[in-house]
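The values are calculated or read from the model by the stated rules, or taken from the named source; none is laboratory data. As the structure is a computational prediction, the values presented were derived from the model and not from experiment. For neighbour counting, all protein chains shown are included, and Cβ atoms are generated from backbone atoms with ideal geometry for every residue, glycine included.
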Amino acid sequence: MEEHNRSHVTRRALLTSALGGAAALTATAVPSRWAIGQARALKVGLMLPYSGTYAKLGENITYAIEMLFAEKGGALGGRPIELVKLDDESKPEAAQQNAERLVKRDNVDVLIGTVHSGVQMGIHKVVRESGTLTIVANAGNNEITRSLCARNVFRTSFSNWQPSYSMGLALAKKGVKKAAFVTWDYTAGQEMGAAFKEGLEKGGAQLTQLLTLNFPDTNFQPILAQLPSLDVDAVGAFFAGGGAIQFVKEYAAAQIKAPLCGPGFLTEGTLEAQGAAAAGIETALHYGDGLDNAKNVAFLKAFKEKAGREADVYAVHGYDAAQLLAIGVEAVAGNIDDEAKLYAAMRGAKIDSPRGPISISASQNVVQNIYLRRVEGGKNKVVGIVAEALSDPGGGCKLA
Ligand code: BEZ
């Protein structure tokens, strides 16, 4: 029988801040007194961006994961948590090698990743082969939970389709007839552009132009210069993090008449920096300001205390990734080798999320409400619901 002693590891693990040593691979070591005759630590690899345009997203995911583990006393199913953090720099070209370091060299039991869809694809190649339990805490690439779905891979964030389709549909319902879409040219931008178009068309409107630049470039001027001459009623955009801050400011400065909108990443975690430039922007997302459910109220307070800044949707993704992990690991009392029971518990999870109730679809993507938000008074104020309990419609996943 293994003995469980939680407190010492808990403190060590959680005192490692989200940012501490993030530039390279960092491990929160398990004190040696755990090694013999006591519960083996559950090694959780966090492969996230801690530098570059998505750095704040990775930080907030990490803070929130640490928060949930602290709420659980630093252990799940009787096993103390050991975190191993790796800065993936949002570089797809290094993703497979980085994931292999976590899986093969560090022997993580669980991998929680990442923000960038291209990097997630690299992780996916590795974990589909290794069978490592994986929870996607942001990246939306549709295929991860469609044709490439895997029984060991779950997602608590969104598919790229969910918020962007919803924005296109909401726009068409408001009477917009023609819109353009601006984005970075990589999986997330491409899939969000396609979903925005699908939503517009569903509502009887059209996508007339798709304008792109390479990730993570921020030379927006050539694109902004084209927009005034386009015959459109609205411009949708997918950018996030530092890129979103800059795009929104430059769009406002260019005094383009067509209102700017998009999947909600455009104004998420960015409003303080965007200032007046963001006022009035409407977006669709699975989170927003003013959701006053008890879980969100407590979450916002606890996150502010831990991180010293406001929570955002990325923090919610991280928190829910950890909540889902807790449900699985607790169901098997720490024995994650009991995969049938572990996955059944995770697939059946009904999670009380700060965003509202969520569940897991048959393809192991999150099912969630999509809210319409408008930037007012420096907040992404929820002004309506575009879709309740929206599931990604994609096919190709054969998980029963
Ligand atoms: C993505 O690459 O999937 C992504 C990155 C940031 C925000 C949303 C999606």
Of K174, K197, K202, K178, the only residue that is of a type in the set (K, R), free of Cβ contacts under 8 Å to residues at least 60 places away in the same chain and under 29 Å from G122 (Cβ atoms) is K197
Looking only at the stretch 188-207, decide whether some residue is of a type in the set (D, E, K, R), away from the ligand (no atom under 15 Å from the Cβ), surrounded by 18 or more Cβ atoms within 10 Å (Cβ to Cβ) and under 21 Å from A277 (Cα atoms).
-> no
Flag for G118 being over 15 Å from the mean Cα position of the chain (by Cα) and surrounded by fewer than 24 Cβ atoms within 10 Å (Cβ to Cβ) | no
Look through the stretch 231-245, keep the residues that are assigned to a loop (DSSP other than H, G, I, E, B) and within 22 Å of Y165 (Cβ to Cβ), and return whichever of them is farthest from the ligand (Cβ to nearest atom).
-> D233
Filter the stretch 368-385 down to residues that are farther than 18 Å from Y165 by Cα and of a type in the set (G, A, S) and give me whichever is surrounded by the fewest Cβ atoms within 10 Å (Cβ to Cβ).
-> G377
Quick one: in the stretch 173-204, which of the residues that are within 19 Å of Y287 (Cβ to Cβ) and among the aliphatic types (A, V, I, L, M) is farthest from the chain's Cα centre (by Cα)?
-> A195
Among (1) free of Cβ contacts under 8 Å to residues at least 60 places away in the same chain; (2) within 13 Å of the ligand (Cβ to nearest atom); (3) of a type outside the set (D, E, K, R), V248 falls short only on (2)
Exclusive hit being farther than 20 Å from A333 by Cβ, modelled with pLDDT of 55 or more and not charged (D, E, K, R), set G21, G77, G73, G45 = G45
Counting just the residues of the stretch 50-72 that are of a type in the set (A, V, I, L, M) and surrounded by fewer than 24 Cβ atoms within 10 Å (Cβ to Cβ), which one comes out nearest to the ligand (Cβ to nearest atom)?
-> A55
Out of the residues in the stretch 261-270 that are assigned to a strand (DSSP E or B) and touching a Phe, Trp or Tyr at 6+ places or on another chain (Cβ under 7 Å), state the one that is farthest from the ligand (Cβ to nearest atom).
-> G262
Among the candidates G348, G280, G334, residue that is surrounded by fewer than 23 Cβ atoms within 10 Å (Cβ to Cβ), closer than 27 Å to G242 by Cβ and of a type outside the set (S, T, N, Q) = G280
Might you check whether a residue that is more than 15 Å from the chain's Cα centre (by Cα), among the aliphatic types (A, V, I, L, M) and assigned to a strand (DSSP E or B) occurs anywhere in the stretch 47-69?
-> no
Criterion: more than 16 Å from the chain's Cα centre (by Cα), over 20 Å from P357 (Cβ atoms) and of a type outside the set (D, E) - qualifying residue of T267, T283 = T283
